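First the structure, in the form of structure tokens, and then the observations on it.
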Ligand code: FEO
Ligand code: CA
Ligand code: CA
Ligand code: CA
């Protein structure tokens, strides 16, 4: 999502100016955090530089030969920004899927000047974000044929629809809103590779569009059936049409796809009276955000008409992509917030652990641990694993430890006294429950990804220019954090279910040659290698970290993908691999198991300040005079057939 979407702060613990009781409690915490943050900061900087000789200048890479060889050997691309994408020499990027591409034999051909809901429902959606790859027959050729599961996070109204920008929002009609709704959601697409070229199989029985308004979904887990989830359309609180704002995600070991509902607040219009029982809850989530006009024409998106509808969004949705008729499940046990992603792993004791960020300034990092163990011998036995378990929220202490605090009704402050009558209430109001547990307000947690090889977990914190000096803490050490940072969590002995972990900062992003940025890179990083605003990430099949950005343009260069080293003397170096066209953000890094293909999602290309359908900042990737830019998925291969990044 474009960077400023999460710009506001709804966490009352850190609201500036208004002194609530929780502010006062927090002021104490912040003060303590600030004071010891300074000492920890010094200690951390020392630690970060210990292996890389902090006195080395940024450009002094002459010592590289004396150190361990770099993990990545591709030729780094240069910083910059222009109308198209860039790759290292020796690599080819084929456009695999574009917004509007036909997914079924009867899909209408793409005509952006005459788009309709019916056409969009059968075409690849808008603003591709998360990409998951699931081999269809893992026992055969796992890296040559698979299902690509793609989230379509949101629609860029002005770029997607002709003739609306000049007179927005009056130009919006019900029909146009329905096109937008059909462009949200996700796509399952069967793809295969032959002679280095990937193809979409339009005839696949697995192909599916999941949309914001039309796809029926079940609500499962502890909040299913709650009175607070009931609406006129769904008097039982168990069935909801659609999923929206699906940002990053995850693929489970049992072959399902987790879609994360992020900025759902933006979809709602209308006002509730202050005294309405849901009004404070909605406020904590920024509802109604008013980014879309849907509520003008469709009652469920107007909170004054359907006050409970927003409670039915903000969940993790599990999809079985191998059964296109299956109802996706909104898994309420994983909490309700602006879910960025749902990367997951099986812990040594067999429990499934899902790591999740709540992408808003001053919100939290979570993990879910299933009650039951994963059964590798019986795929179907795992289908409801995510319905029971414990949701934890993280407190990052100044001594470098993480306390994972359980959100369980009836324990600690999560009682009737504080307005929680059940676990359903705790989950519907996950943020308020986490506020009461005094979790650490973070600098916008995005993708959180475990590494099965090292037992480490990487947390992307994209930026937070709203943090002021008094709110600095050890894990969020910079006020006015324009460039974000990456935290590395170490789970003890690789036990991902642990409630006590260690943390340290891997990188403070920004320009290392500018002292004002206060960034910390390994000095072996070249001037092209540093970046700002880490967003999504991937651990490749060789256990190496790749980071994509959303907001690097603040540094004067386009968003893209960087390869980051996390171990040895080169820990904290980064190398630029891919650059998006102007106006785009980089999403979805996903490798095939043989690491020979890297799929990347280019989201909202051409979306600069005043860009419109008629006048976009680029017409990537078609570059045709009357075709608007199209969010697209690229399949990248090394021309020699070697693994990516080698
Ligand atoms: Fe959808 Fe957090 O970016
Ligand atoms: Ca993003
Ligand atoms: Ca990821
Ligand atoms: Ca982002």
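The values are calculated or read from the model by the stated rules, or taken from the named source; none is laboratory data. Note that this is a predicted model, so its numbers are computed, not measured. Don't worry about glycine lacking a Cβ; one is built from the backbone with ideal geometry, like all the others, and counts go over all protein chains shown.
Condition first: within 16 Å of ligand 2 (Cβ to nearest atom) and farther than 24 Å from residue 490 by Cβ. Now tell me which residues in segment 545-569 satisfy that.
Within segment 545-569, the subset within 16 Å of ligand 2 (Cβ to nearest atom) is 546-554, 558-562.
Of everything in segment 545-569, those that are within 16 Å of ligand 2 (Cβ to nearest atom) and farther than 24 Å from residue 490 by Cβ turn out to be 549, 550, 551, 552, 553, 554, 558, 559, 560, 561.
Total residues in segment 246-276 satisfying the condition of being within 16 Å of ligand 4 (Cβ to nearest atom), more than 13 Å from residue 330 (Cβ to Cβ) and within 13 Å of the chain's Cα centre (by Cα): the figure is 5.
Could you say whether any residue in segment 446-459 is over 22 Å from residue 407 (Cβ atoms), within 16 Å of ligand 4 (Cβ to nearest atom) and in contact (Cβ under 8 Å) with a residue 40 or more places away in the chain? Yes, segment 446-459 has at least one match.
Out of 399, 387, one residue alone is in contact with a helix residue (DSSP H, G or I) (Cβ under 8 Å, 6 or more places away or on another chain) and more than 20 Å from residue 336 (Cβ to Cβ). It is 399.
Per the conditions (1) away from ligand 2 (no atom under 16 Å from the Cβ); (2) surrounded by 17 or more Cβ atoms within 10 Å (Cβ to Cβ); (3) at negative phi, the sole criterion not satisfied by residue 510 is (3).
Restricting attention to segment 287-330, the residues that are without any contact (Cβ under 8 Å) to a residue 12 or more places away in the chain and under 20 Å from the mean Cα position of the chain (by Cα) add up to 0. Tell me, which residue of segment 588-606 that is in a loop (DSSP other than H, G, I, E, B) and crowded, with 22+ Cβ neighbours inside 10 Å is nearest to ligand 4 (Cβ to nearest atom)? This residue is 604.
Considering only residues of segment 460-470 that are farther than 17 Å from residue 555 by Cα and crowded, with 23+ Cβ neighbours inside 10 Å, which is nearest to ligand 4 (Cβ to nearest atom)? Break it down into steps so the answer makes sense when it comes.
Keep residues of segment 460-470 that are farther than 17 Å from residue 555 by Cα, which gives 460, 466-470.
Within this subset, residues satisfying the condition of being crowded, with 23+ Cβ neighbours inside 10 Å are 460, 467.
On the way: 460: 9, 467: 17 Å.
In this case the residue turns out to be 460.
Being part of a helix (DSSP H, G or I) and either under 24 Å from residue 495 (Cβ atoms) or more than 16 Å from ligand 1 (Cβ to nearest atom) (or both) is a description that applies to residue 333.
Return yes or no: is residue 457 buried (at least 24 other Cβ atoms within 10 Å of the Cβ), away from ligand 1 (no atom under 16 Å from the Cβ) and in a strand (DSSP E or B)? So residue 457 passes the test. Reported count of residues in segment 577-598, each being within 14 Å of residue 135 (Cα to Cα) and within 16 Å of ligand 2 (Cβ to nearest atom), is 1. Would you confirm whether or not segment 624-644 contains a residue that is within 23 Å of the chain's Cα centre (by Cα), within 16 Å of ligand 3 (Cβ to nearest atom), at pLDDT 95 or above and outside any loop (DSSP other than H, G, I, E, B)? Looking through segment 624-644, at least one residue is within 23 Å of the chain's Cα centre (by Cα), within 16 Å of ligand 3 (Cβ to nearest atom), at pLDDT 95 or above and outside any loop (DSSP other than H, G, I, E, B).
Does segment 578-587 include one or more residues that are closer than 23 Å to residue 450 by Cα, in contact (Cβ under 8 Å) with a residue 12 or more places away in the chain and in a loop (DSSP other than H, G, I, E, B)? Within segment 578-587, none of the residues are closer than 23 Å to residue 450 by Cα, in contact (Cβ under 8 Å) with a residue 12 or more places away in the chain and in a loop (DSSP other than H, G, I, E, B).
Tell me, please, whether a residue that is within 16 Å of ligand 3 (Cβ to nearest atom), touching a residue at least 60 places away in the same chain (Cβ under 8 Å) and out of contact with any helix residue (DSSP H, G or I) (no Cβ under 9 Å at 6 or more places or on another chain) can be found in segment 461-476. Checking segment 461-476: at least one residue is within 16 Å of ligand 3 (Cβ to nearest atom), touching a residue at least 60 places away in the same chain (Cβ under 8 Å) and out of contact with any helix residue (DSSP H, G or I) (no Cβ under 9 Å at 6 or more places or on another chain). Only one entry in 146, 132, 183, 221 is at positive phi, touching a strand residue (DSSP E or B) at 6+ places or on another chain (Cβ under 9 Å), more than 16 Å from ligand 4 (Cβ to nearest atom) and modelled with pLDDT of 95 or more, namely 221.
Yes/no matrix, rows are residues, columns are (1) touching a residue at least 40 places away in the same chain (Cβ under 8 Å); (2) in a strand (DSSP E or B); (3) crowded, with 22+ Cβ neighbours inside 10 Å:
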| residue | (1), (2), (3) |
| --- | --- |
| 110 | no, no, no |
| 125 | yes, no, yes |
| 129 | yes, yes, yes |
| 133 | yes, yes, no |
| 143 | yes, no, no |
| 180 | yes, no, yes |
| 191 | yes, yes, yes |
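Tally the residues that are in a helix (DSSP H, G or I) and crowded, with 24+ Cβ neighbours inside 10 Å, restricting the search to segment 436-450.
Taking segment 436-450 and keeping what is in a helix (DSSP H, G or I), we get 436.
From what is left, the residues that are crowded, with 24+ Cβ neighbours inside 10 Å are none.
Final tally of qualifying residues: 0.
Where residues in segment 319-344 are touching a strand residue (DSSP E or B) at 6+ places or on another chain (Cβ under 6 Å) and surrounded by fewer than 20 Cβ atoms within 10 Å (Cβ to Cβ), which of them is nearest to residue 226 (Cα to Cα)?
Restricting attention to segment 319-344, the residues satisfying the condition of being touching a strand residue (DSSP E or B) at 6+ places or on another chain (Cβ under 6 Å) are 319, 321, 324, 327-331, 333-335, 337-344.
Adding the requirement that they be surrounded by fewer than 20 Cβ atoms within 10 Å (Cβ to Cβ) leaves 324, 327.
Working: 324: 28, 327: 19 Å.
Looking at the filtered set, the residue picked out is 327.
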